[in-house]
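Here the structure is laid out as structure tokens; the discussion comes afterwards.
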Amino acid sequence: MLIEPLIRPMRAEDLERILEIEAVSFVSPWTWNHFKQELTKTYGRLRVAVIQKQISGYLMAWFIENELHIANLAVHPDYRCQGIAEKLVRNMLNEVPQCILATLEVRESNTAARNLYEKFGFGVVEIRKKYYEQEGEDALIMSKYFNPPNVLPFQNSRI
Ligand SMILES: CC(C)(COP(=O)(O)OP(=O)(O)OC[C@H]1O[C@@H](n2cnc3c(N)ncnc32)[C@H](O)[C@@H]1OP(=O)(O)O)[C@@H](O)C(=O)NCCC(=O)NCCS
């Protein structure tokens, strides 16, 4: 039986475990300093998923002017395919009901993440060619609007 994770804010004392998950999840993992800085940002929304006192995954987002940017998301390999990332994303979206637009960037080859975001209705809006220089891989920018078009964020702009 799968155990439901508890979602709570990330804390400085979580960083050791988070860096462990980072290391096994990404080719170019974020550093301690990077996460430390993120913890100080007023617009940062950092959440961890906890199962039986163990951090199984985390999501880091920025929420600025009704726009959400998902900057980092990972689940430890031992806990994947149990709905934890889905719960982290759902929880974050529920936290910001005033959100108009959510965006993120994902490697073209990252089928798992792309499927996850597509499940929430995100679509590819831009391709950044060879964005990941080391591997020469393209980045996909995915986004999702939450409100009807009459409340798009730029409705009052002059262009
Ligand atoms: C992407 C990642 C966060 C998914 O975490 P997870 O907890 O295993 O995902 P979930 O179990 O919540 O899966 C939710 C949906 O994502 C998709 N998905 C997840 N893993 C998948 C896989 N291995 N293959 C294909 N689709 C997958 C599916 O659509 C799935 O829905 P379904 O179960 O109804 O098919 C995880 O694989 C990971 O940490 N990868 C390395 C880091 C990374 O790529 N982060 C994203 C950066 S943008």
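The values are calculated or read from the model by the stated rules, or taken from the named source; none is laboratory data. Keep in mind that this is a model prediction, so the values were computed, not measured. Every residue, glycine among them, receives a Cβ derived from its backbone with ideal geometry; neighbour counts consider all protein chains shown.
Checking segment 97-108 against the condition returns no match, with no residue being part of a helix (DSSP H, G or I) and either buried (at least 19 other Cβ atoms within 10 Å of the Cβ) or basic (Lys, Arg) (or both). Scanning segment 116-142 for residues that are within 13 Å of the ligand (Cβ to nearest atom) and closer than 17 Å to ALA71 by Cα yields LEU116, TYR117, GLU118, PHE120, PHE122, VAL124, TYR131, TYR132, ALA139, LEU140, ILE141, MET142. The residue pairs whose first member lies in segment 101-117 and is modelled with pLDDT of 95 or more, whose second member is part of a strand (DSSP E or B) and within 8 Å of the ligand (Cβ to nearest atom), and whose beta carbons are closer than 6 Å, counting only pairs six or more residues apart or on different chains, are LEU104/ILE70; ALA113/VAL106; ARG114/VAL106. Counting only strands (runs of 3 or more DSSP E) that sit wholly inside segment 1-73, those with at least 1 residues that are modelled with pLDDT of 95 or more, in contact with a strand residue (DSSP E or B) (Cβ under 9 Å, 6 or more places away or on another chain) and among the small types (Gly, Ala, Ser) are 44-51, 54-64.
Here VAL27 meets the list (1) surrounded by 12 or more Cβ atoms within 10 Å (Cβ to Cβ); (2) in contact with an Asp or Glu (Cβ under 8 Å, 6 or more places away or on another chain) almost entirely, failing just condition (1). Within segment 76-90, residues that are more than 7 Å from the ligand (Cβ to nearest atom) have Cβ atoms under 6 Å from residues that are of a type in the set (Ser, Thr, Tyr) in these pairs: HIS76/SER56, counting only partners at least 6 apart in sequence or on another chain.
Output the number of residues of segment 13-24 satisfying the condition of being surrounded by 16 or more Cβ atoms within 10 Å (Cβ to Cβ) and near the ligand (Cβ under 10 Å from one of its atoms). Total meeting the criteria: 2.
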